[in-house]
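What follows is a short report on a single structure.
No lab work stands behind these numbers, since they all come straight from the coordinates. Just so you know, these numbers come straight off a predicted model, no measurement behind them. Note that we place each Cβ from the backbone using ideal geometry, even for glycine, and neighbour counts take in every protein chain shown.
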Amino acid sequence: MEYIWLALLVLSALIEALTVKILFAVFVPASLVAMILAFCNVSPWIQLAVFAALTVIGFLFRPLAKRLLPVKEAQPYTVEAAIGTRSVVVERLDNLAGRGAITVFGMEWAARTVSDDVVLEAGTEVEIIAVEGVKFICRAVL
């Protein structure tokens, strides 16, 4: 039974390290105590009861731990991550002609200006202010 608790301890710690949701972290101390009890030849039923009790206590303190521990919010890995960044026009931005491109994250993307009456030439520095479908909406940086 010791190795079951050890496996649960390692697996819980690994999953928690990858997700950082303070969800599987409650199983780590519970499985550690249960493993120590198993090495002391305590009855498996008592091991299971102690594990269950410590898990319940862990889940009761989970909201407090989430408030006290700084957990970074997930960063967007989509085009929304580009909003607020600056770029350079690589193909003239002309809404009326339906043409234009900028470089974002090292790749060329379709782009348009904020207003139809604004045309930006290649080489102009722009700020990305929105994403509409597969096009970035930009304005010139003054």
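Using only the C-alpha atoms of region 2-68, find the volume of their convex hull and express it per residue in Å³. Walk me through the intermediate numbers first.
Working: hull volume 4.3 nm³, N = 67.
Once divided by residue count, the hull of region 2-68 is 64 Å³.
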Counting every C-alpha pair in region 79-140, the percent lying more than 12 Å apart is 58 percent
If R0 = 25 Å, then Y3 and A53, at their Cβ-Cβ distance, give a FRET efficiency to the nearest 0.05 of 0.70
Sorted largest first, the Cα spans of the chain on the principal axes come out in Å as 79, 27, 22
Hits in region 116-142: amide N under 16 Å from the 7 Å Cα→Cβ extension of T85, namely 125-132, 135-139
